[in-house]
1. Mind listing which trypsin sites (Lys or Arg not before Pro) in the range 193-261 are in a DSSP loop and have 15 or fewer other Cβ atoms within 10 Å?
2. Check which residues have an amide H placed less than 5 Å from VAL144's amide H, if you skip close sequence neighbours.
3. Counting Lys +1, Arg +1, Asp -1, Glu -1, what net charge surrounds GLY207 among other residues with beta carbon under 14 Å of its beta carbon?
4. Residues with amide H under 5 Å of ALA215's amide H, sequence separation 5 or more or different chain, H placed in the peptide plane at 1.01 Å from N; which?
5. Among rounded, prolate and oblate, which fits the chain when a ≥ b ≥ c are the square roots of the eigenvalues of its C-alpha gyration tensor, a/c under 1.5 means rounded, and a/b larger than b/c means prolate?
6. From the helices alone, meaning DSSP H stretches of at least four residues, give me the mean residue ellipticity at 222 nm for the chain, per-run term -39500 (n - 2.57), in deg cm²/dmol to the nearest 500.
7. How about LYS116: which aspartates and glutamates have a C-alpha closer than 16 Å to its C-alpha, ignoring those fewer than 8 places off in the same chain?
8. Within the chain, which DSSP H helices have Cα atoms that stretch 20 Å or more along the helix axis and a mean Kyte-Doolittle hydropathy of at least -1.0?
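Values in this text are rule-based calculations from the coordinates and carry no lab data. Fair warning: this is a prediction, and the values are worked out from it, not measured in the lab. We place every Cβ from the backbone using ideal geometry, glycine too, and count neighbours over all the protein chains shown.
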Amino acid sequence: MIQLNSNIKVLVMSGIMLTAAGCSKDKDVQPAKDHNRVVQVLADNFNLSIMSTIVGRSNLGNDLNTPGPFTVFAPSDEAFAKSGYATTVSVLSSPLPLINSIGAYHTVEGNYDLNKMPFLFNQEITSRGGKLFITRWIKDKDTVLTINGSRLLATSIKASNGQVQVIDRMLQPYLYEKIGDAIAAESSLTLFWQAIQRAGLVELLNGKSPVTVYAPTNSAMISRGYATLEAINGAPVGEIAALVKYHIVADRRFVNDYILTTAAGKTSTAQGMLDNNAITVTLIPNPQQVGAFTGIRLRGPGNSADINLLKQDVIAGNGVLHIVESTLRITQ
């Protein structure tokens, strides 16, 4: 009996030791950490430090560490600086809801290879923050890719759970689904907004079809002779409607769209407006790069000088808003 008990004790102790050894072995074997996910790709690229900080501070950080896949359109640090985010401190000191919104708008669920998209303008995809519009076009034998009018700077940086595409401008998250609502909310456009209402064009601007509006500022409307809301309401409806329609394009048009579609060797092109008249769009040369352009100016047949854009490529769900310094004129 004593010998039997001894054997049992030996077997029990052996089992305990084997179990412990097995547990120790399992504990020592850890899955290899993935250092090539989107979060790490952003962190490892010194020119994407602002985007990396936005991801880290926002609610995106954990998500971009999951299998995904995700496509992140990451503005370069230089691009963020032009939008007021010159350092990581500016990101850390901004309201968190705003940072969440910026991060979400630049993040798309899915692995988007833009080089495989059709050669078309403003193809709609959906990010976590709203609609994005992708253009793939050939200009002077080069394939050009834009997102909301901003240029793709580099080929995609591959990650194990997606990719990062570097762009030359921060994509401003839009606040309004309708272009009319975007105009109504802009304090510098109150007179033009009144003209839109007087002309009976609110429904058109808030419809489903895409539109582009070149909206003159209050100062521009005053110079045109419409200094007050009462002056606009007192003018003939047909007169006001003609003015407003000459500032609307029945399509979505970013500034870069004109640069891409202007014929080789040319620096201007015509743009048809809602009233079936046309304006001239002139490209602004880039003094630092031969054959490149930085923007556009506008001119109607009745304008004595080109008109500058004060604000460009403001997105709404159904269109694009550009704010201009003067009204377009068909006749003098």
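1. LYS208
2. TRP137, ILE138, LYS139
3. Summing Lys/Arg as +1 and Asp/Glu as -1 gives -1.
4. Amide H to amide H, under 5 Å and 5 or more residues apart or across chains, ALA215 pairs with HIS322, ILE323, VAL324.
5. prolate
6. Value at 222 nm, helices only, nearest 500: -9500 deg cm²/dmol.
7. In chain and number order, the partners are GLU124, ASP142.
8. 2-28
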